[in-house]
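The values are calculated or read from the model by the stated rules, or taken from the named source; none is laboratory data. Quick caveat: nothing in here was measured; it's all calculated off a predicted structure. Every residue, glycine among them, receives a Cβ derived from its backbone with ideal geometry; neighbour counts consider all protein chains shown.
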Amino acid sequence: MILVTGATGLVGSHLLLKLVEHDILVVALYRSESKKNLTLDFLKKRTHSSKWDEIIWRKGDICNYPSLADAFEGITHLYHCAAFISFAHYKQETLIQVNQEGTANLVNFAIKNKIRKIAYISSIAALGSDANSDSIDETSPWDPDQDHTPYAYSKYGAELEVWRATQEGVPAVIVNPGVILGSGVEGNPLALLCNRIDKNLPFYPKGATGYVTVEDVVQVLIELMNSEIINERFILVAENWSYKDIFTKISLLRKRKLPKISIKKSWLKIAWLIEGVLCLFGKRRFMTKALINSLCDKKKILGKRITHKISFKYSSIETYLEQHASTRG
């Protein structure tokens, strides 16, 4: 049997959809009954049969080690999709607890139960960056002396736990997706982008980042799990878009005002300093220097390596936005 953590999240729910369509017996790990019901509603809308009724739901929390014992009963393969996503400085303890320590708990059970393979969803945030290169790929070195966001630290730490599993005899693959665009789950990145555009905010960061569709992420995960490829990592980025270009594209699709004011790095640094002063009066710090750098970074993130390892072609981000980000959708 296959265990999917984070089954009620964006990637997890789409992964469940694809697995049940292929008549694969799946165990879905969940914490919240309300989110479980929302996921079931999503599956019912996307499938024309009752295959979703064959999913085995097991309640558990990756941060609660004892609760995972029942979840791993009879499990042979693990898709680890659960994660906490935040770039806020004040969320760093939760990020480490969920992403790194939670992954460590799963790895311990995987080793104990002799799981045949792990597929872990990391993030481009966990990638290294060579100061002398204008691009980032799987070989870019992680510099511990460089500033990283709390989210990046937590995902990098989680990757170290997965590599520990490989050293203990449990094969694994890691994918590092860019911003994952998809629908069906509240609070997904595409919905957040659309909500931001609907507010007609005129500002946009100067940098750029990589994007990929949730369907592409799921396809790669399944193919990697079923392949002979082990103990490797792959960046999943279909295209790199500047924040200005993607904000403009969505604004046009949703018939909103176009963003016109580029946020300078100096402005963000001033905001960071002001926030630091406000922290003296009880305000929680959100911004970090690493976050400022990432919002202004224009390095290209290369995601082509996966296309040379499996039979796979990325979906067009522009086409996906036209289908899912317009006011008609």
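Suppose we keep only residues that are in a helix (DSSP H, G or I) and β-branched (V, I, T) within the range 211-252. Which one would you say is farthest from K298 (Cα to Cα)? Explain how you work it out, then say what you get.
First, pick out the residues of the range 211-252 that are in a helix (DSSP H, G or I): 214-226, 243-252.
Retained after the next criterion (residues that are β-branched (V, I, T)): 214, 217-218, 220, 222, 246, 248, 250.
Working: V214: 23, V217: 23, V218: 27, V220: 26, I222: 31, I246: 14, T248: 17, I250: 20 Å.
My answer is I222.
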Expected output for the range 183-198 (first residue more than 18 Å from L40 (Cβ to Cβ), partner loosely packed, with under 13 Cβ neighbours inside 10 Å, Cβ below 8 Å, 6+ apart or cross-chain) is none
Name, by its number, the condition in (1) in a loop (DSSP other than H, G, I, E, B); (2) among the aliphatic types (A, V, I, L, M); (3) assigned by TED's automatic domain parsing to the domain that holds P141 that does not hold for I306.
(1)
Can you find, within the range 125-159, the residue that is nearest to I62 (Cα to Cα) among those that are touching a residue at least 24 places away in the same chain (Cβ under 8 Å) and of a type in the set (A, V, I, L, M)?
A158
Please count how many residues of the range 316-328 are surrounded by fewer than 17 Cβ atoms within 10 Å (Cβ to Cβ), touching a residue at least 24 places away in the same chain (Cβ under 8 Å) and assigned to a loop (DSSP other than H, G, I, E, B).
3
Quick check on the range 187-210: of everything there that is surrounded by fewer than 18 Cβ atoms within 10 Å (Cβ to Cβ) and in a helix (DSSP H, G or I), which residue is farthest from the chain's Cα centre (by Cα)?
D198
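Residue-by-condition table, conditions (1) surrounded by 12 or more Cβ atoms within 10 Å (Cβ to Cβ); (2) within 17 Å of L3 (Cα to Cα); (3) not β-branched (V, I, T):
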position	(1), (2), (3)
K35	yes, no, yes
L38	yes, no, yes
R46	yes, no, yes
W52	yes, yes, yes
I55	yes, yes, no
R58	yes, yes, yes
A69	yes, yes, yes
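Condition check: in contact with a Gly (Cβ under 8 Å, 6 or more places away or on another chain) and closer than 24 Å to L192 by Cβ. Does Y314 satisfy that? If you could, list the steps in order and put the result at the bottom.
Numbers: in contact with a Gly (Cβ under 8 Å, 6 or more places away or on another chain): yes; closer than 24 Å to L192 by Cβ: yes.
Answer is yes for this residue.
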Which count do you get for residues in the range 272-294 that are touching a residue at least 60 places away in the same chain (Cβ under 8 Å) and aromatic (F, W, Y)?
1
Residue check, I121 hydrophobic (A, V, I, L, M, F, W, C) and in contact with a His (Cβ under 7 Å, 6 or more places away or on another chain):
yes
Near pairs, Cβ below 7 angstrom, 6+ apart or cross-chain, from the range 202-227 (among the charged types (D, E, K, R)) to any residue that is part of a strand (DSSP E or B)
K206/S262; K206/I263; D216/L236
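One line per residue, one yes/no per condition, for (1) among the β-branched types (V, I, T); (2) without any contact (Cβ under 8 Å) to a residue 24 or more places away in the chain; (3) assigned to a helix (DSSP H, G or I); (4) closer than 30 Å to T288 by Cβ:
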{"position": "D41", "(1), (2), (3), (4)": "no, yes, yes, no"}
{"position": "D61", "(1), (2), (3), (4)": "no, no, no, yes"}
{"position": "I75", "(1), (2), (3), (4)": "yes, no, no, no"}
{"position": "A83", "(1), (2), (3), (4)": "no, no, no, yes"}
{"position": "S86", "(1), (2), (3), (4)": "no, no, no, yes"}
{"position": "Q92", "(1), (2), (3), (4)": "no, no, yes, yes"}
{"position": "I96", "(1), (2), (3), (4)": "yes, no, yes, yes"}
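Step by step: first the residues of the range 253-271, then only those that are of a type outside the set (G, A, S) and assigned to a strand (DSSP E or B), then the one that is surrounded by the fewest Cβ atoms within 10 Å (Cβ to Cβ). Which residue is that?
The initial filter retains those residues of the range 253-271 that are of a type outside the set (G, A, S), namely 253-261, 263-265, 267-270.
Applying the additional criterion that residues be assigned to a strand (DSSP E or B) yields 261, 263.
Values: I261: 10, I263: 18.
In this case the residue turns out to be I261.
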